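Data first, discussion second: the structure below is written as structure tokens.
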Amino acid sequence: MVNYAFDLALWTILFFITGMYKPQWPLFFLKKPDRFMIIVITTVFVMATFTLYGEGERLEKVAKQPVSETLTPPHVAVPVPVPAPEKPAIK
């Protein structure tokens, strides 16, 4: 995932530079593209890049942890202490 984050970062930089130079090139499908739209789209790409990088780092960290430090798998039943109800008094 980290590699994809770097790829997306490069595409984002390329999109930003070409969009600031000529907004008509990356936004060819719009009638009147402007630089503000380039900034908005670049902001979204930057947020996606940072999220992708952070998740990739987190997954690599979890994969490197020893098995003993990981959480109990969800399919394993773990006994939970539950207080027993008191018997009602018989009169």
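Quick check on region 21-40: of everything there that is part of a loop (DSSP other than H, G, I, E, B) and among the basic types (Lys, Arg), which residue is surrounded by the most Cβ atoms within 10 Å (Cβ to Cβ)?
Checked region 21-40; the qualifying residue surrounded by the most Cβ atoms within 10 Å (Cβ to Cβ) is 22.
Could you list all residues from region 1-15 that are open to solvent by 70 Å² or more (accessible area, probe 1.4 Å) and in contact with a Pro (Cβ under 9 Å, 6 or more places away or on another chain)?
Within region 1-15, 14 is the sole residue that qualifies.
Might you let me know whether region 68-83 holds any residue that is assigned to a helix (DSSP H, G or I) and modelled with pLDDT under 90?
Within region 68-83, one or more residues are assigned to a helix (DSSP H, G or I) and modelled with pLDDT under 90.
Given the criteria touching a helix residue (DSSP H, G or I) at 6+ places or on another chain (Cβ under 7 Å), outside any loop (DSSP other than H, G, I, E, B) and either surrounded by 10 or more Cβ atoms within 10 Å (Cβ to Cβ) or modelled with pLDDT of 90 or more (or both), does residue 54 qualify?
When the stated conditions are applied, residue 54 does not pass them.
The values are calculated or read from the model by the stated rules, or taken from the named source; none is laboratory data. Remember, predicted model here, so these are calculated numbers, not experimental data. Reconstructed Cβ throughout: ideal geometry from the backbone, glycine too, with neighbour counts over all protein chains shown. Please note that ligands, DNA and RNA were not included when accessible areas were found on the heavy atoms of the full protein model with its side chains. Shrake-Rupley method; radii C 1.70, N 1.55, O 1.52, S 1.80 Å.
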